[in-house]
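Undergrad: Before I ask anything, let me first share the structure, which is written out below as structure tokens.
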Amino acid sequence: MSLYQACAYFLVYSFLGWVVEVAYNSVVLGKVVNRGFLNGPVCPLYGTGALVLLLCVSVIGGGAEPSDVPASLMFVVGAVACTLLELAVGWTLERLYHTRWWDYSDKKFNFHGYICLEFSLVWGFVVVLAVKTVHPFVESHTVGAIPEGVGMPICLALLAVMLVDAIVSSAVAHGMDRKIAELGRIRQLMLAASGAMSEAIGSGSIRAAGAVQQGQLQATLAAAQAKDHLGEMAQQVERYRQRYDQLVDELTRGTVAGAGRLLRAFPGMRRSDESERATVGELVQTLRDRVSSGTGKGAKTRRRG
């Protein structure tokens, strides 16, 4: 495989993979969503998988053309190669962004939610179909039809655009990771503050009742101290809520090329921290409400006490 072939196949299969993802999720979710980690109409996972698969099939087939390799052997190679690649990418993304972008934990014979037997078998069938029917067409209409002198500059330009997209998307994902983590911490602080306020109200009531028995002046002082303490705590909770609403608003904006798009593309994303997992669920619901109501950038977010 020449460098020109590798670049062309990577781009074409990245695009075709994105088409498959959008079509599949349109059927499952009932709406069109720009699937994929990148903003553009590409899923590099599929392009990388296609290259790895073509090389593996060629090596195992003794250098034969991929279309000449037996379908049974291609099924096994495709299922194993795509499953290992999906496992590696899923594990890497979670380590980088503390987020599980897809999760097969609810399916039988899964491995830590990264991969599962059902989709491994699907990968095998998809590979056989792609190599036997799609690849000959792709080959004849790309490297077979466009001279390298013309096609290679086009490939390099598209790869450069994809690289920029990857850098921007990574920055967005890192920002989203930090904001979701902060939301999780604020949620815990608000819960702790609510508990402290409840305890303060109970303790203040007990002290006030004791002060009443000793004299009106002491009762008045105790009530004033309790009121000041509760006022300070209420102000702190309000600051938490304002910051929480601000972060939710920032995360649910940018539904075309921002954190909002990633939340729409991966509504089932799973965070490792339990409080952050609940936060993601609320963000996705807020985003759905905002999109369905047609509200824009300045929409008022719902508050959680």
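The values are calculated or read from the model by the stated rules, or taken from the named source; none is laboratory data. Values in this document were obtained by computation on a predicted structure and should not be read as measured data. With ideal geometry, Cβ positions are generated from the backbone for all residues, glycine too; neighbour counts draw on all protein chains shown.
Undergrad: Give the stretch 139-154 a look and list any residue that's touching a residue at least 12 places away in the same chain (Cβ under 8 Å) and over 22 Å from residue 65 (Cβ atoms), or say none.
TA: Result: 152, single match.
Undergrad: Could you check, for the stretch 62-70, whether at least one of its residues is part of a helix (DSSP H, G or I) and modelled with pLDDT of 85 or more?
TA: No: zero hits.
For every residue, the table says whether it meets (1) touching a Pro at 6+ places or on another chain (Cβ under 9 Å); (2) assigned to a helix (DSSP H, G or I).
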site: 1; (1), (2): no, no
site: 37; (1), (2): yes, no
site: 40; (1), (2): no, no
site: 59; (1), (2): no, yes
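Undergrad: Would you confirm whether any residue within the stretch 118-131 is assigned by TED's automatic domain parsing to the domain that holds residue 72, in contact with a Pro (Cβ under 9 Å, 6 or more places away or on another chain), more than 30 Å from residue 237 (Cβ to Cβ) and not in a loop (DSSP other than H, G, I, E, B)?
TA: yes
Undergrad: Now for a separate question. Can you pull out every residue in the stretch 8-35 that is free of Cβ contacts under 8 Å to residues at least 60 places away in the same chain, among the hydrophobic types (A, V, I, L, M, F, W, C) and assigned to a loop (DSSP other than H, G, I, E, B)?
TA: Listed by number, the list holds a single entry, 32.
Undergrad: Looking only at the stretch 90-108, decide whether some residue is exposed (fewer than 14 other Cβ atoms within 10 Å of the Cβ) and in contact with a strand residue (DSSP E or B) (Cβ under 6 Å, 6 or more places away or on another chain).
TA: yes
Undergrad: Still on this structure: Within the stretch 90-127, track down each residue that is modelled with pLDDT of 90 or more and of a type in the set (A, V, I, L, M).
TA: Those that are modelled with pLDDT of 90 or more and of a type in the set (A, V, I, L, M): 115, 117, 121, 122.
Undergrad: Of the conditions (1) farther than 26 Å from residue 18 by Cβ; (2) of a type in the set (A, V, I, L, M); (3) modelled with pLDDT of 80 or more, residue 224 satisfies every one except a single condition; which number is it?
TA: (3)
Undergrad: Restricting the search to the stretch 83-117, which residues are hydroxyl-bearing (Ser, Thr, Tyr) and not in a helix (DSSP H, G or I)? Steps first, please.
TA: So the first thing to find is which residues in the stretch 83-117 are hydroxyl-bearing (Ser, Thr, Tyr), and the list is 83, 92, 97, 99, 104-105, 114.
Within the stretch 83-117, 99, 104, 105, 114 qualify.
Undergrad: With in contact with a Ser or Thr (Cβ under 9 Å, 6 or more places away or on another chain), crowded, with 20+ Cβ neighbours inside 10 Å and modelled with pLDDT of 85 or more as the only criterion, which of 7, 43 stands out?
TA: Testing whether each residue is in contact with a Ser or Thr (Cβ under 9 Å, 6 or more places away or on another chain), crowded, with 20+ Cβ neighbours inside 10 Å and modelled with pLDDT of 85 or more leaves just 43.
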